[in-house]
2 protein chains.
Amino acid sequence: MFSIGEMARRTGVKVPTIRFYEQKGLLPEPERTAGNQRRYSKAALGRLGFIRHARDLGLPLPDIAALISLEGAKGDALDRAHDIARIQRDAVRRRIARLQSLERELSRIATACDGRHDHVCAVLDAFSEHDRCLSDHYAAEPSRDWINYTP
Amino acid sequence: MFSIGEMARRTGVKVPTIRFYEQKGLLPEPERTAGNQRRYSKAALGRLGFIRHARDLGLPLPDIAALISLEGAKGDALDRAHDIARIQRDAVRRRIARLQSLERELSRIATACDGRHDHVCAVLDAFSEHDRCLSDHYAAEPSRDWINYTP
DNA sequence: CCTTGAACCTCTAGCGACTAGAGATCCTAA
DNA sequence: TTAGGATCTCTAGTCGCTAGAGGTTCAAGG
(Lines give C-alpha, C1' and ligand atoms only; values in the text may rest on other atoms or scores of the structure.)
Protein backbone atom coordinates (compact mmCIF):
# COMPACT_ATOMS: atom_id res chain seq x y z
CA MET A 1 0.00 0.00 0.00
CA PHE A 2 1.29 3.41 -0.97
CA SER A 3 0.53 6.83 0.42
CA ILE A 4 -0.30 9.59 -2.03
CA GLY A 5 3.15 11.05 -1.55
CA GLU A 6 4.73 7.70 -2.37
CA MET A 7 2.62 7.53 -5.53
CA ALA A 8 3.79 11.00 -6.45
CA ARG A 9 7.41 10.13 -5.82
CA ARG A 10 7.22 6.96 -7.86
CA THR A 11 5.39 8.33 -10.85
CA GLY A 12 6.43 11.96 -10.93
CA VAL A 13 2.78 13.03 -10.83
CA LYS A 14 2.29 15.75 -8.26
CA VAL A 15 0.14 15.09 -5.22
CA PRO A 16 -2.62 17.60 -6.04
CA THR A 17 -2.69 16.25 -9.57
CA ILE A 18 -3.32 12.74 -8.29
CA ARG A 19 -6.31 13.99 -6.32
CA PHE A 20 -7.41 15.89 -9.40
CA TYR A 21 -7.30 12.70 -11.47
CA GLU A 22 -9.34 10.91 -8.85
CA GLN A 23 -11.89 13.70 -8.90
CA LYS A 24 -12.09 13.42 -12.67
CA GLY A 25 -12.71 9.70 -12.43
CA LEU A 26 -9.40 8.63 -13.97
CA LEU A 27 -8.29 6.95 -10.79
CA PRO A 28 -10.69 4.88 -8.69
CA GLU A 29 -11.29 6.05 -5.15
CA PRO A 30 -8.61 4.37 -3.07
CA GLU A 31 -8.93 2.79 0.31
CA ARG A 32 -8.46 5.03 3.31
CA THR A 33 -6.71 4.67 6.62
CA ALA A 34 -8.68 5.09 9.83
CA GLY A 35 -7.51 8.71 9.67
CA ASN A 36 -8.95 9.21 6.17
CA GLN A 37 -5.68 9.16 4.26
CA ARG A 38 -5.50 7.51 0.85
CA ARG A 39 -3.76 4.16 0.52
CA TYR A 40 -3.12 2.87 -2.99
CA SER A 41 -2.66 -0.61 -4.37
CA LYS A 42 -0.04 -1.64 -6.88
CA ALA A 43 -2.74 -1.67 -9.54
CA ALA A 44 -3.46 1.96 -8.80
CA LEU A 45 0.22 2.75 -9.14
CA GLY A 46 0.23 1.05 -12.52
CA ARG A 47 -2.77 3.00 -13.65
CA LEU A 48 -1.25 6.27 -12.55
CA GLY A 49 1.83 5.39 -14.57
CA PHE A 50 -0.42 4.71 -17.52
CA ILE A 51 -2.10 8.10 -17.15
CA ARG A 52 1.22 9.83 -16.77
CA HIS A 53 2.61 8.22 -19.85
CA ALA A 54 -0.47 8.93 -21.92
CA ARG A 55 -0.46 12.56 -20.76
CA ASP A 56 3.18 12.83 -21.77
CA LEU A 57 2.16 11.53 -25.15
CA GLY A 58 -0.20 14.47 -25.41
CA LEU A 59 -3.49 12.64 -24.94
CA PRO A 60 -6.29 14.70 -23.40
CA LEU A 61 -7.87 13.33 -20.25
CA PRO A 62 -11.10 12.20 -21.93
CA ASP A 63 -9.10 10.08 -24.37
CA ILE A 64 -7.19 8.58 -21.49
CA ALA A 65 -10.46 7.79 -19.76
CA ALA A 66 -11.60 6.08 -22.95
CA LEU A 67 -8.46 3.97 -23.00
CA ILE A 68 -8.89 3.03 -19.37
CA SER A 69 -12.42 1.90 -20.07
CA LEU A 70 -10.97 -0.50 -22.64
CA GLU A 71 -8.97 -2.29 -19.97
CA GLY A 72 -9.45 -5.99 -20.44
CA ALA A 73 -11.29 -5.46 -23.69
CA LYS A 74 -10.89 -7.87 -26.55
CA GLY A 75 -11.44 -7.93 -30.27
CA ASP A 76 -13.04 -5.01 -32.02
CA ALA A 77 -13.10 -2.87 -28.91
CA LEU A 78 -9.35 -2.68 -29.10
CA ASP A 79 -9.61 -0.98 -32.46
CA ARG A 80 -10.65 2.07 -30.47
CA ALA A 81 -7.31 2.07 -28.71
CA HIS A 82 -5.49 1.89 -32.01
CA ASP A 83 -7.67 4.68 -33.34
CA ILE A 84 -6.77 6.91 -30.44
CA ALA A 85 -3.09 6.26 -30.94
CA ARG A 86 -3.32 6.92 -34.67
CA ILE A 87 -5.31 10.12 -34.21
CA GLN A 88 -2.82 11.38 -31.69
CA ARG A 89 0.10 10.44 -33.89
CA ASP A 90 -1.38 12.32 -36.82
CA ALA A 91 -2.08 15.33 -34.63
CA VAL A 92 1.50 15.25 -33.44
CA ARG A 93 2.73 15.11 -37.02
CA ARG A 94 0.70 18.16 -37.91
CA ARG A 95 2.02 20.00 -34.89
CA ILE A 96 5.57 19.15 -35.88
CA ALA A 97 5.08 20.44 -39.40
CA ARG A 98 3.57 23.63 -38.11
CA LEU A 99 6.28 24.19 -35.54
CA GLN A 100 8.96 23.69 -38.13
CA SER A 101 7.64 26.53 -40.21
CA LEU A 102 7.32 28.67 -37.11
CA GLU A 103 10.91 27.90 -36.25
CA ARG A 104 12.04 29.10 -39.66
CA GLU A 105 10.17 32.33 -39.25
CA LEU A 106 11.36 32.96 -35.72
CA SER A 107 14.90 32.39 -36.89
CA ARG A 108 14.36 34.96 -39.59
CA ILE A 109 13.04 37.43 -37.04
CA ALA A 110 15.70 36.66 -34.47
CA THR A 111 18.45 37.36 -36.94
CA ALA A 112 16.82 40.37 -38.59
CA CYS A 113 19.33 43.21 -38.93
CA ASP A 114 21.81 41.21 -36.90
CA GLY A 115 21.97 43.29 -33.77
CA ARG A 116 22.98 46.56 -35.37
CA HIS A 117 20.38 49.02 -34.15
CA ASP A 118 21.86 52.35 -35.17
CA HIS A 119 18.71 52.82 -37.20
CA VAL A 120 15.20 51.47 -36.90
CA CYS A 121 15.37 47.73 -37.30
CA ALA A 122 13.00 45.37 -38.89
CA VAL A 123 12.33 43.07 -36.01
CA LEU A 124 8.96 44.50 -35.05
CA ASP A 125 7.90 44.75 -38.65
CA ALA A 126 9.00 41.19 -39.07
CA PHE A 127 6.61 40.20 -36.34
CA SER A 128 3.69 41.99 -37.88
CA GLU A 129 4.09 41.34 -41.56
CA HIS A 130 3.15 37.95 -42.72
CA ASP A 131 3.91 38.89 -46.31
CA ARG A 132 7.58 38.51 -45.57
CA CYS A 133 7.17 35.07 -44.06
CA LEU A 134 9.20 32.39 -45.68
CA SER A 135 6.60 29.80 -44.90
CA ASP A 136 2.89 29.25 -44.88
CA HIS A 137 2.37 28.65 -41.22
CA TYR A 138 -1.15 29.98 -41.19
CA ALA A 139 -2.32 27.38 -43.60
CA ALA A 140 -0.99 24.69 -41.31
CA GLU A 141 -3.77 25.11 -38.77
CA PRO A 142 -7.02 24.95 -40.71
CA SER A 143 -9.16 26.57 -38.07
CA ARG A 144 -7.28 29.79 -38.58
CA ASP A 145 -7.44 31.28 -42.01
CA TRP A 146 -5.61 34.39 -42.94
CA ILE A 147 -7.23 34.60 -46.31
CA ASN A 148 -8.73 38.00 -45.69
CA TYR A 149 -5.83 39.51 -43.84
CA THR A 150 -5.18 42.77 -45.66
CA PRO A 151 -3.39 45.28 -43.43
CA MET B 1 -13.10 52.90 -39.80
CA PHE B 2 -13.82 49.25 -39.23
CA SER B 3 -16.44 47.55 -37.13
CA ILE B 4 -15.32 44.75 -34.84
CA GLY B 5 -16.78 42.21 -37.24
CA GLU B 6 -14.80 43.71 -40.10
CA MET B 7 -11.64 43.48 -37.98
CA ALA B 8 -12.45 39.86 -37.28
CA ARG B 9 -13.07 39.11 -40.93
CA ARG B 10 -9.85 40.79 -42.03
CA THR B 11 -7.53 39.29 -39.44
CA GLY B 12 -9.16 35.98 -38.65
CA VAL B 13 -9.28 36.87 -34.96
CA LYS B 14 -12.70 36.11 -33.54
CA VAL B 15 -14.88 38.93 -32.31
CA PRO B 16 -14.91 37.93 -28.62
CA THR B 17 -11.15 37.50 -28.77
CA ILE B 18 -10.73 41.05 -30.01
CA ARG B 19 -12.70 42.30 -27.03
CA PHE B 20 -10.61 40.04 -24.82
CA TYR B 21 -7.39 41.56 -26.18
CA GLU B 22 -8.77 45.02 -25.53
CA GLN B 23 -9.63 44.05 -21.98
CA LYS B 24 -6.09 42.75 -21.51
CA GLY B 25 -4.64 46.02 -22.75
CA LEU B 26 -3.15 44.63 -25.96
CA LEU B 27 -5.44 46.77 -28.08
CA PRO B 28 -6.17 50.39 -27.17
CA GLU B 29 -9.78 51.26 -26.51
CA PRO B 30 -11.22 52.22 -29.86
CA GLU B 31 -13.54 55.04 -30.70
CA ARG B 32 -17.24 54.36 -30.42
CA THR B 33 -20.28 55.23 -32.49
CA ALA B 34 -23.14 57.17 -30.93
CA GLY B 35 -24.65 53.74 -30.25
CA ASN B 36 -21.57 52.52 -28.36
CA GLN B 37 -20.19 50.24 -31.04
CA ARG B 38 -16.44 50.00 -31.57
CA ARG B 39 -14.90 51.64 -34.62
CA TYR B 40 -11.27 50.85 -35.39
CA SER B 41 -8.58 52.73 -37.25
CA LYS B 42 -6.18 51.24 -39.78
CA ALA B 43 -3.48 51.40 -37.13
CA ALA B 44 -5.62 49.21 -34.86
CA LEU B 45 -6.07 46.75 -37.70
CA GLY B 46 -2.32 46.60 -38.13
CA ARG B 47 -1.79 46.02 -34.46
CA LEU B 48 -4.35 43.25 -34.37
CA GLY B 49 -2.54 41.64 -37.28
CA PHE B 50 0.67 41.94 -35.29
CA ILE B 51 -0.92 40.27 -32.29
CA ARG B 52 -2.41 37.55 -34.43
CA HIS B 53 0.87 36.81 -36.07
CA ALA B 54 2.79 36.79 -32.82
CA ARG B 55 0.19 34.49 -31.26
CA ASP B 56 0.54 32.15 -34.20
CA LEU B 57 4.25 32.17 -33.55
CA GLY B 58 3.47 30.91 -30.07
CA LEU B 59 4.23 34.05 -28.08
CA PRO B 60 2.29 34.44 -24.85
CA LEU B 61 0.28 37.60 -24.44
CA PRO B 62 2.67 39.23 -21.95
CA ASP B 63 5.51 38.86 -24.45
CA ILE B 64 3.35 40.39 -27.14
CA ALA B 65 2.56 43.28 -24.81
CA ALA B 66 6.30 43.72 -24.27
CA LEU B 67 6.88 43.85 -28.02
CA ILE B 68 4.10 46.36 -28.47
CA SER B 69 5.65 48.57 -25.84
CA LEU B 70 8.81 48.59 -27.96
CA GLU B 71 6.99 50.23 -30.84
CA GLY B 72 9.10 53.06 -32.11
CA ALA B 73 12.02 52.02 -29.92
CA LYS B 74 15.59 52.45 -31.10
CA GLY B 75 18.98 51.09 -30.25
CA ASP B 76 19.48 48.80 -27.31
CA ALA B 77 15.79 48.57 -26.54
CA LEU B 78 15.38 46.59 -29.72
CA ASP B 79 17.66 43.92 -28.34
CA ARG B 80 14.67 42.96 -26.21
CA ALA B 81 12.67 42.20 -29.33
CA HIS B 82 15.47 40.04 -30.68
CA ASP B 83 15.70 38.28 -27.32
CA ILE B 84 12.02 37.45 -27.38
CA ALA B 85 12.30 36.05 -30.87
CA ARG B 86 15.35 33.98 -29.96
CA ILE B 87 13.79 32.62 -26.79
CA GLN B 88 10.67 31.64 -28.66
CA ARG B 89 12.68 30.05 -31.44
CA ASP B 90 14.62 27.97 -28.98
CA ALA B 91 11.44 26.95 -27.22
CA VAL B 92 9.96 25.92 -30.53
CA ARG B 93 13.04 23.87 -31.31
CA ARG B 94 12.74 22.02 -28.02
CA ARG B 95 9.07 21.37 -28.66
CA ILE B 96 9.87 19.97 -32.08
CA ALA B 97 12.47 17.61 -30.68
CA ARG B 98 10.08 16.41 -28.03
CA LEU B 99 7.19 15.94 -30.43
CA GLN B 100 9.37 13.93 -32.77
CA SER B 101 10.09 11.38 -30.09
CA LEU B 102 6.42 11.29 -29.15
CA GLU B 103 5.55 10.70 -32.77
CA ARG B 104 7.86 7.71 -32.91
CA GLU B 105 6.29 6.24 -29.83
CA LEU B 106 2.73 6.83 -30.96
CA SER B 107 3.58 5.16 -34.23
CA ARG B 108 4.87 2.18 -32.34
CA ILE B 109 1.66 2.04 -30.32
CA ALA B 110 -0.61 2.64 -33.29
CA THR B 111 0.90 -0.26 -35.17
CA ALA B 112 1.17 -2.61 -32.21
CA CYS B 113 -0.19 -6.02 -33.13
CA ASP B 114 -1.40 -4.67 -36.43
CA GLY B 115 -5.13 -4.91 -36.01
CA ARG B 116 -5.36 -8.59 -35.24
CA HIS B 117 -7.24 -8.77 -31.99
CA ASP B 118 -8.08 -12.41 -31.69
CA HIS B 119 -6.13 -12.32 -28.47
CA VAL B 120 -5.26 -9.59 -26.00
CA CYS B 121 -3.21 -7.01 -27.78
CA ALA B 122 -0.39 -4.89 -26.55
CA VAL B 123 -1.76 -1.48 -27.30
CA LEU B 124 -2.85 -0.70 -23.76
CA ASP B 125 0.33 -2.09 -22.33
CA ALA B 126 2.20 -0.02 -24.85
CA PHE B 127 0.58 3.05 -23.43
CA SER B 128 1.45 2.20 -19.89
CA GLU B 129 4.93 0.83 -20.16
CA HIS B 130 7.61 3.30 -20.71
CA ASP B 131 10.26 0.61 -20.63
CA ARG B 132 9.33 -0.33 -24.14
CA CYS B 133 9.65 3.18 -25.47
CA LEU B 134 12.04 3.62 -28.30
CA SER B 135 12.84 7.14 -27.24
CA ASP B 136 13.55 9.21 -24.20
CA HIS B 137 10.64 11.55 -24.32
CA TYR B 138 10.53 12.10 -20.61
CA ALA B 139 14.00 13.48 -20.54
CA ALA B 140 13.01 16.01 -23.18
CA GLU B 141 10.97 18.07 -20.73
CA PRO B 142 13.21 18.68 -17.75
CA SER B 143 10.44 19.59 -15.37
CA ARG B 144 9.17 16.03 -15.47
CA ASP B 145 11.48 13.36 -14.24
CA TRP B 146 10.60 9.70 -14.33
CA ILE B 147 13.61 8.66 -12.38
CA ASN B 148 11.61 7.05 -9.62
CA TYR B 149 8.96 5.44 -11.77
CA THR B 150 8.99 1.81 -10.71
CA PRO B 151 5.66 0.09 -11.35
C1' DC C 1 3.74 7.80 26.26
C1' DC C 2 4.30 12.23 24.28
C1' DT C 3 5.78 15.55 21.22
C1' DT C 4 7.08 17.37 16.96
C1' DG C 5 6.89 18.26 12.29
C1' DA C 6 6.26 16.39 7.83
C1' DA C 7 2.68 14.67 5.28
C1' DC C 8 -1.92 14.47 4.62
C1' DC C 9 -6.99 16.19 4.35
C1' DT C 10 -10.84 19.31 2.03
C1' DC C 11 -12.05 23.28 -0.07
C1' DT C 12 -11.74 27.28 -2.89
C1' DA C 13 -9.65 30.14 -6.23
C1' DG C 14 -6.50 31.14 -9.87
C1' DC C 15 -3.69 30.50 -14.30
C1' DG C 16 -3.73 31.35 -19.79
C1' DA C 17 -6.18 32.22 -23.69
C1' DC C 18 -9.90 32.08 -25.00
C1' DT C 19 -15.18 30.45 -25.97
C1' DA C 20 -20.12 30.31 -25.22
C1' DG C 21 -24.31 32.01 -23.86
C1' DA C 22 -27.96 35.32 -22.14
C1' DG C 23 -30.38 39.19 -22.84
C1' DA C 24 -30.37 43.76 -24.55
C1' DT C 25 -29.37 47.28 -28.08
C1' DC C 26 -27.93 49.08 -32.61
C1' DC C 27 -27.37 49.53 -37.61
C1' DT C 28 -28.64 48.96 -42.20
C1' DA C 29 -31.01 47.67 -46.21
C1' DA C 30 -35.48 46.69 -48.27
C1' DT D 1 -40.83 51.26 -40.80
C1' DT D 2 -39.43 46.98 -39.94
C1' DA D 3 -36.76 42.79 -39.93
C1' DG D 4 -32.82 40.58 -38.78
C1' DG D 5 -27.98 40.45 -38.48
C1' DA D 6 -24.38 42.65 -35.86
C1' DT D 7 -23.06 44.46 -31.77
C1' DC D 8 -23.13 45.46 -26.69
C1' DT D 9 -22.01 43.89 -21.60
C1' DC D 10 -21.67 40.42 -18.39
C1' DT D 11 -21.04 35.98 -16.53
C1' DA D 12 -19.52 31.42 -16.63
C1' DG D 13 -17.27 27.54 -18.72
C1' DT D 14 -13.20 25.15 -20.93
C1' DC D 15 -8.53 22.26 -19.97
C1' DG D 16 -5.17 20.54 -16.92
C1' DC D 17 -3.58 21.57 -13.51
C1' DT D 18 -1.45 24.66 -9.34
C1' DA D 19 -1.51 27.32 -5.03
C1' DG D 20 -3.14 28.51 -0.77
C1' DA D 21 -5.83 28.38 3.66
C1' DG D 22 -6.80 26.08 7.58
C1' DG D 23 -7.16 21.87 9.79
C1' DT D 24 -5.86 16.65 10.87
C1' DT D 25 -2.95 12.45 10.97
C1' DC D 26 1.06 9.67 10.97
C1' DA D 27 5.61 8.08 12.36
C1' DA D 28 9.94 8.68 14.47
C1' DG D 29 12.73 10.40 18.37
C1' DG D 30 13.05 11.39 23.26
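The values are calculated or read from the model by the stated rules, or taken from the named source; none is laboratory data. Just so it is clear, the structure is predicted and the values come from calculations on it, not from any experiment. Heads up, the Cβs are rebuilt from the backbone with ideal geometry, glycines too, and the neighbour counts pull from every protein chain shown.
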Quiz item: Which condition does B:D83 not pass, out of (1) facing chain A (nearest Cβ under 9 Å); (2) surrounded by fewer than 20 Cβ atoms within 10 Å (Cβ to Cβ); (3) within 14 Å of DNA strand D (Cβ to nearest atom), if it passes all the others?
Solution: (3)
Quiz item: (1) out of contact with any His (no Cβ under 6 Å at 6 or more places or on another chain); (2) of a type in the set (S, T, Y); (3) surrounded by 14 or more Cβ atoms within 10 Å (Cβ to Cβ): which one isn't true of A:S101, the others all being true?
Solution: (1)
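One line per residue, one yes/no per condition, for (1) assigned by TED's automatic domain parsing to the domain that holds A:I96; (2) more than 8 Å from DNA strand C (Cβ to nearest atom):
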| site | (1), (2) |
| --- | --- |
| A:V15 | no, no |
| A:R32 | no, no |
| A:A44 | no, yes |
| A:E71 | no, yes |
| A:A81 | yes, yes |
Self-check item: Considering residues of region A:2-41 that are surrounded by fewer than 17 Cβ atoms within 10 Å (Cβ to Cβ) and assigned to a strand (DSSP E or B) only, the residue farthest from DNA strand D (Cβ to nearest atom)
Solution: A:E31
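For B:L78, are the conditions met, namely being of a type outside the set (S, T, Y), touching a Lys or Arg at 6+ places or on another chain (Cβ under 6 Å) and in a helix (DSSP H, G or I)?
Taking the combined requirement at face value, the residue does not satisfy it.
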Quiz item: Can B:R47 be described as over 22 Å from A:R104 (Cα atoms), within 22 Å of the chain's Cα centre (by Cα) and at pLDDT 90 or above?
Solution: yes
Exercise. Scan region A:17-30 for residues that are of a type in the set (F, W, Y) and either without any contact (Cβ under 8 Å) to a residue 12 or more places away in the chain or within 12 Å of DNA strand C (Cβ to nearest atom) (or both) and jot them down.
Key: A:F20
Quiz prompt | Selection from region A:30-47 of residues that are of a type outside the set (G, A, S), within 9 Å of chain B (Cβ to nearest Cβ) and in contact with a helix residue (DSSP H, G or I) (Cβ under 9 Å, 6 or more places away or on another chain) | solution = A:L45, A:R47
Quiz item: For region A:81-101, which residues satisfy the criterion of being in contact (Cβ under 8 Å) with a residue 24 or more places away in the chain and more than 18 Å from the chain's Cα centre (by Cα)?
Solution: A:S101
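Tell me, please, whether a residue that is in a loop (DSSP other than H, G, I, E, B), within 12 Å of DNA strand D (Cβ to nearest atom) and within 30 Å of B:S107 (Cβ to Cβ) can be found in region A:60-74.
We begin by selecting, within region A:60-74, every residue in a loop (DSSP other than H, G, I, E, B); these are A:60, A:70-74.
So of that shortlist, the ones also within 12 Å of DNA strand D (Cβ to nearest atom) come out as A:60.
Checking which are within 30 Å of B:S107 (Cβ to Cβ) leaves us with A:60.
Yes, region A:60-74 contains a residue that is in a loop (DSSP other than H, G, I, E, B), within 12 Å of DNA strand D (Cβ to nearest atom) and within 30 Å of B:S107 (Cβ to Cβ).
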